[in-house]
Ligand SMILES: Nc1ncnc2c1ncn2[C@@H]1O[C@H](COP(=O)(O)OP(=O)(O)O)[C@@H](O)[C@H]1O
Ligand SMILES: [Mg+2]
C-alpha cells in the first residue's frame, strides 16, 4: 500500500539539469512506466526514489512521508537494476536471501520464502550456483526474485528486460505483468521500449530531456499525443510527421493536401498521421490527398509497409498483406481526416481543431 | 615467399634478443641470491678465496649455529615478523576504509583529488628527512627500542600507499552492487563489509603482500628506533655483524639468506596476485 509523489523535483549534476520540474503522482498499486529515449533522466528519477541520488530541490513522498532525507534502507523499496547488480560472490540463494538476512528473518521463514520465490521464478534447481554460472535470462530472474522475496512498498525496475533477447523479453514481459497483478505492489518501471510501456503500464509518463511530455494511459498516449515528441516516439512504425502549412483548415505540403481541420491556420505546421490511417487508392480518383511514386514495399507478415516519396521525405502507410504495388509505380493516397493531428512547429504542441 | 622467409628470420632474431635480455635480467637478480646462499654454507676460507669457489666446497652449518645460537637472530626474526604483521594489519584496517571513502563518497569541488594527493604527498619526501623528528617524538613518549614504535612509524609510511591501492581497487568495482545492497536494506557500512570487501579481496591480498615485504625489509627507520636485542629487526641485526674490526660474512650470509627465504617463497606462492596488484596500481594511478 503506497503511493509515490514527486513535487517540483529538480536534479542537477553540476550545471547539467537531468530532471526538470518533475511533478507526478503514482497511485497505490499502480504500474507506472517512465518511457523515454536514452539519457532523458529516467534512471535518475528512479534512483531518487530509491535514495541513491539526492534531489537538488523539490519533495518526494512515499504515501505521506517526505523521503528526501531518508536513508535507502528505511525507504522499503525494492529495485531491479538494468545490470541486475547481482552479488557476484554469493550464490543464487544468498543473493535472493540478502534482503531477508539483513532484516534478520528467522531461519525457517527464510528457507520457506526463498523456496517459494525460487519456485515462482523457476530457479529452484539453481540455488547453489553463482551468478556467473547463469544465463542472462536466469540472472534477470534472480534479480527479480531478490526484489519480490519481501513485500516492499514500491518496486523500482530499471529496464529489467533490455538485456534479454527478443523472445525471452516477450515472455518475461507477460510474467512481469502477471506478477504485478498478483502482488499488487506499486511499481515504477523504466524503459525506452514503447511496446513494453504500452503492454505493461496502467499509465505511461513519456519523458524527454528531463521533463514529462505527457502522462496518460497507453491508449491516451497513443490516440491523443499532446506534443510532437510523443507523437513521433510512440508507435511502430512511427507516425508520419510532415512539415507544411495550414490555411483555413487545409494542410498543404509538396503534393499533399489534407482538409478537415476546422478553420485553423498555422504558418509552420506539422501534420501527423499514423501509417494505419493512410490508405492506398486509385491514382485517378478525384478525392485522393496525394499521388506519389512507391519508394519501397516491405512485407512484415500480417501486413505490408509501403513507403512513398513525398517531397524530400518518405511517407509510410500500412497496406494489406496482399498489396501488389511495384516500386516506382504511382499510387493515390487517402488519409482518414478524422485521424490526423496538427502540431505547431514553433511550440511543438498539438493544435486542436 | 622471400618476404615470408625474411619475416620468419626476423621473428627468430627478435625472440633470441628477448631471451638474451631475459637471461641477463635473470642473472642480475638471481646471482646475489646464489652468492648469499652458497656463502652461508662456506667456511671463511672459501668465502674469501680468490678465484672464488663456485660449487666445490665442503658445506658447513657453522655460520647458522653462530647466528642463531651464538647471536640472538631468532629474536630479531621474531621481532621482524611481529612488526611486519602488525604493520600490515593496522595499515590495512585504516587504508581499506580510507580508500573506500575516497573511492565512493561525494566531495565538493576537487576535494577528492586534493585529499588523495595530500595523502600521497607524505610519500614524496625521503624517509630520512623524518628520522630526527621521529626519534625525538618516540623518545618523548618513552617508546624508543620498542616494537610499538617501529609499527607506528611503518604504519605511517605504509598507510598512504595502502590507501591509494585500495582506492583504485574500490573504484574498479561497480558502485551498483553496493547500491543494490543498500536498497535491499543494508547500511553503507554493511554494503562495505558484505559486498565491497569480499569483492576487493584480490586487492587486499596484493596490498597486504606489498606491505609485508616493505615492513620486513625496511632498514633505516628500524636502525634509528631500535638498538636493543629485544626490539631489533633482522636487517638491523644483520648489519650489526659488520663490526669495527671485522665483518662476519658467514653469519651475515646465513641470517640474510634465511631472512630473504620467507619473502621469496611467499612471492612465488602469491605471484599471481602480485602481478595483478602491480599492473593495477600502474594503470589506475
Ligand atoms: N552521476 C552523474 N553525473 C553526471 N551526469 C549524470 C549522472 N548520472 C546521469 N547523468 C546524466 O543525466 C542524464 C540522464 O541520465 P539517466 O537518468 O541515466 O538517463 P536514462 O536512464 O533516461 O537513460 C544523462 O544525460 C546522463 O549523462
Ligand atoms: Mg537508464
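Where a number appears in this text, it was derived from the coordinates with a stated rule and is not lab data. Note that the structure is predicted; figures quoted are calculated from it, not measured. Positions of Cβ are generated from backbone atoms using ideal geometry, with glycine treated the same way; all protein chains shown enter the neighbour counts.
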(message) Can you give me the distance in nm between label points at residue A:104 and residue A:165, each placed 7 Å from the Cα along the Cα-to-Cβ direction?
(response) 4.7 nm
(message) Testing the spin-label approximation: label points 7 Å from Cα along Cα→Cβ at residue B:60 and residue B:142. State their distance in nm.
(response) 4.7 nm
(request) Treat the count of other C-beta atoms within 10 Å as a stand-in for reagent exposure and order B:141, B:68, A:81 from fewest to most. (result) B:141, B:68, A:81
(request) Express the relative contact order of chain A as a whole percentage, based on alpha carbon pairs under 8 Å and six or more residues apart in sequence. (result) 15 percent
(request) Write down, largest first, the equivalent ellipsoid semi-axes of the protein assembly as shown in whole Å, where each equals the square root of 5 times an eigenvalue of the alpha-carbon gyration tensor. (result) 72, 32, 24
(request) For region A:265-353, restrict the atom set to alpha-carbon positions and state the Rg and Dmax in Å. (result) 14.1, 41
(request) Order the peptides B:254-263, B:130-139 from the highest to the lowest mean number of other Cβ atoms within 10 Å of their residues. (result) B:254-263, B:130-139
(request) Note the direction-averaged projected area, equal to a quarter of the hull surface, for the Cα convex hull of region A:196-353, in nm². (result) 9.9 nm²
(message) Quick check on chain A: what does the Kirkwood estimate of hydrodynamic radius come out to from the alpha carbon pairs, in Å?
(response) 22.8 Å
(request) Considering only DSSP beta bridges where both residues belong to chain A, give the percentage that are antiparallel (nearest 5). (result) 75 percent
(request) Of all alpha-carbon pairs in region B:102-184, indicate the percentage at a distance above 18 angstrom. (result) 59 percent
(request) Count, for each residue of A:80-86, the Cβ atoms from other chains sitting within 10 Å of its Cβ, then give me the mean as a whole number. (result) 4
(message) Give me the one-decimal nm value for the distance between modelled label points at residue B:16 and residue A:182, 7 Å along each residue's Cα-to-Cβ direction.
(response) 7.3 nm
(message) How large is log10 of I(q)/I(0) for region B:68-278 at q = 0.11 Å⁻¹ when the intensity is taken from the Debye formula with one equal scatterer per alpha-carbon?
(response) -0.62
(request) Quote the relative contact order of region A:141-262 in percent (integer), defining contacts as alpha-carbon pairs under 8 Å separated by 6+ residues. (result) 14 percent
(message) Could you tell me the extents of region A:20-134's C-alpha atoms along the three principal axes, largest first, rounded to whole Å?
(response) 47, 32, 26
(request) Please report, in Å, the Rg and the Dmax of region A:182-250, where both are computed over Cα atoms only. (result) 14.4, 53
(request) Over all directions, average the projected area of the Cα convex hull of region B:2-47 and note it in nm². (result) 3.9 nm²
(request) Please report, in cubic angstrom per residue, the volume enclosed by the convex hull of the alpha-carbon atoms of region B:1-120. (result) 260 Å³
(request) Run the numbers on chain B and let me know its relative contact order in percent, using alpha-carbon pairs under 8 Å that are six or more apart. (result) 30 percent
(message) For A:323, B:73, B:140, which order do you get if you count the other beta carbons within 10 Å of each Cβ and list the fewest first?
(response) B:140, A:323, B:73
(request) Work out the mean other chain Cβ neighbour count within 10 Å for the residues of B:169-182 and drop it here as an integer. (result) 5
(request) Could you please rank B:105, A:155, placing first whichever residue has the fewest other Cβ atoms within 10 Å of its Cβ? (result) B:105, A:155
